[in-house]
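Undergrad: Starting off with a structure, shown below.
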Amino acid sequence: DQDDLYVDTTFLDCLKENGPFTDWTVYGEYFGETEYNLWHANKWGRDNVRAGIETPWSGHYTNTLHSDDIDWQIECDAIGMACLAQPEVAKEMAWRIGHVMNYGDGVYGGVYVATMYAAAFTAESIDEIIEAGLSGIPAESQFYQVQQDVIDCYNEGLTWEEAWYVIDEKWTNDRCPSGLYDAGFNIDAKMNS
């Protein structure tokens with residue numbers, strides 16, 4: 001029941017067998033053939049692929065209420081590590097794969113993390129790693145704006161608890177049905193990032 005590990009393995013197998021320029025529909029096909037336990041965006045993305053909805057539409061918000069969930073963000077690590085010192089490659093690959101189960105902020109979370117992993121191997125500072133991650137995220141997106149608010153809180157000298165209060169007050173809006181009805185449950189990618 002460790003989806004942040006076995007989902008990685010599926011996409012790495014696809015990458016190994018089809019190469020770095022694999023079309024996103026092929027990643028979706030591999031994912032659709034899996035039998036392991038899944039939840040939230042992963043489950044809906046796989047169910048959509050199995051129902052004939054090709055990637056990128058398998059993770060699109062019109063086909064799932066889980067498009068902004070953290071699924072791809074917590075599973076993209078292996079892509080960043082497969083692209084050591086190649087953040088642009090990690091960014092593009094994470095973009096394609098992330099659409100299997102997510103869309104919008106859900107994909108941005110995976111692009112952000114995978115790009116930071118790849119950049120970390122040559123970066124000279126944490127700021128450089130964060131900047132690399134943000135370079136793949138549209139500045140007008142909520143995901144980018146939340147990250148910028150966190151950076152601003154840090155630059156203002158707020159503690160992490162104070163920063164959390166600022167972010168939580170401004171940005172709480174989880175599309176996930178579980179998060180909509182349970183104030184203590186939030187797996188929104190931008191908030192978790």
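Undergrad: Quick test of your reading of the structure: PHE21 fulfils all but one of (1) in contact (Cβ under 8 Å) with a residue 24 or more places away in the chain; (2) outside any helix (DSSP H, G or I); (3) closer than 27 Å to ILE129 by Cβ; (4) open to solvent by 50 Å² or more (accessible area, probe 1.4 Å). Name the failing condition by number.
TA: That leaves (1) as the condition not met.
Undergrad: Of the conditions (1) more than 16 Å from the chain's Cα centre (by Cα); (2) under 23 Å from ARG175 (Cα atoms); (3) assigned to a loop (DSSP other than H, G, I, E, B), ASN102 satisfies every one except a single condition; which number is it?
TA: Status for ASN102: all satisfied but (1).
Undergrad: Which of the residues spanning the stretch 56-66 are part of a loop (DSSP other than H, G, I, E, B), open to solvent by less than 80 Å² (accessible area, probe 1.4 Å) and among the hydroxyl-bearing types (Ser, Thr, Tyr)? Spell out how you get there, then give the answer.
TA: Going through the stretch 56-66, the residues part of a loop (DSSP other than H, G, I, E, B) turn out to be 56, 60-66.
Checking which are open to solvent by less than 80 Å² (accessible area, probe 1.4 Å) leaves us with 56, 60, 63-64, 66.
Once the filter is applied, which keeps residues that are part of a loop (DSSP other than H, G, I, E, B), open to solvent by less than 80 Å² (accessible area, probe 1.4 Å) and among the hydroxyl-bearing types (Ser, Thr, Tyr), the stretch 56-66 yields only THR64.
Undergrad: Hey, another quick one. Filter the stretch 112-144 down to the residues that are in contact (Cβ under 8 Å) with a residue 40 or more places away in the chain and open to solvent by 60 Å² or more (accessible area, probe 1.4 Å), then identify the one that is nearest to PRO87 (Cα to Cα).
TA: TYR117
Undergrad: Here is a further query. Consider ASP182 carefully, then state whether it is at pLDDT below 95, among the charged types (D, E, K, R) and open to solvent by less than 30 Å² (accessible area, probe 1.4 Å). First the steps, then the outcome.
TA: Working: at pLDDT below 95: yes; among the charged types (D, E, K, R): yes; open to solvent by less than 30 Å² (accessible area, probe 1.4 Å): no.
Against the criterion (at pLDDT below 95, among the charged types (D, E, K, R) and open to solvent by less than 30 Å² (accessible area, probe 1.4 Å)), ASP182 does not qualify.
Undergrad: So, LEU38, is that one more than 14 Å from the chain's Cα centre (by Cα) and modelled with pLDDT under 95 or not?
TA: Working: more than 14 Å from the chain's Cα centre (by Cα): yes; modelled with pLDDT under 95: no.
Taking the combined requirement at face value, the residue does not satisfy it.
Undergrad: Moving on to the next point. Name the single residue, out of those in the stretch 128-145 being assigned to a loop (DSSP other than H, G, I, E, B) and modelled with pLDDT of 95 or more, that is nearest to ASP174 (Cα to Cα).
TA: The selected residue is SER141.
Undergrad: Of all residues being aromatic (Phe, Trp, Tyr) and open to solvent by 20 Å² or more (accessible area, probe 1.4 Å) in the stretch 24-55, which is nearest to VAL107 (Cα to Cα)? Just the residue, please. Write out each step before concluding.
TA: Start the filter on the stretch 24-55 by keeping residues that are aromatic (Phe, Trp, Tyr), which leaves 24, 27, 30-31, 36, 39, 44.
Filter once more, so that each one left must be open to solvent by 20 Å² or more (accessible area, probe 1.4 Å): 24, 30, 36, 39, 44.
Values: TRP24: 13, TYR30: 18, TYR36: 22, TRP39: 16, TRP44: 15 Å.
Ranking the candidates gives TRP24 first.
Undergrad: With touching an Asp or Glu at 6+ places or on another chain (Cβ under 6 Å) and more than 26 Å from GLN145 (Cα to Cα) as the only criterion, which of VAL49, VAL7 stands out? Before the answer, list the steps.
TA: Working: VAL49 fails: touching an Asp or Glu at 6+ places or on another chain (Cβ under 6 Å).
After ruling out the rest, the residue left standing is VAL7.
Undergrad: For the stretch 73-101, which residues satisfy the criterion of being surrounded by fewer than 24 Cβ atoms within 10 Å (Cβ to Cβ) and β-branched (Val, Ile, Thr)?
TA: ILE74, VAL89
Undergrad: Given the conditions (1) touching a Gly at 6+ places or on another chain (Cβ under 7 Å); (2) within 17 Å of SER135 (Cα to Cα); (3) not in a loop (DSSP other than H, G, I, E, B), which single one is not true for ALA41?
TA: (2)
Undergrad: Does LEU158 satisfy the criteria of being under 25 Å from TYR6 (Cβ atoms) and of a type in the set (A, V, I, L, M, F, W, C)? Before you say what the answer is, go through the steps one by one.
TA: Values: under 25 Å from TYR6 (Cβ atoms): no; of a type in the set (A, V, I, L, M, F, W, C): yes.
Considered against the rule, which asks whether it is under 25 Å from TYR6 (Cβ atoms) and of a type in the set (A, V, I, L, M, F, W, C), LEU158 comes out as no.
Undergrad: With the requirement that a residue be of a type outside the set (D, E, K, R), surrounded by fewer than 16 Cβ atoms within 10 Å (Cβ to Cβ) and assigned to a helix (DSSP H, G or I), what does the stretch 146-165 give you?
TA: GLN148, ILE151, TYR154, ASN155, TRP160, TRP164, TYR165
Undergrad: Find all pairs meeting these conditions: Cβ atoms under 8 angstrom apart; at least six residues apart or on different chains; first residue within the stretch 87-109 and touching a residue at least 12 places away in the same chain (Cβ under 8 Å); second residue of a type in the set (Lys, Arg) and open to solvent by 10 Å² or more (accessible area, probe 1.4 Å).
TA: MET101/ARG46
The values are calculated or read from the model by the stated rules, or taken from the named source; none is laboratory data. It should be emphasised that the depicted structure is a prediction, and the values quoted were computed from it without experimental measurement. Glycine also receives a Cβ, built like all others from the backbone with ideal geometry; neighbour counts cover every protein chain displayed. The protein model used for the area step is the full one, side chains on, heavy atoms only, and it has no ligands, DNA or RNA in it. Shrake-Rupley method; radii C 1.70, N 1.55, O 1.52, S 1.80 Å.
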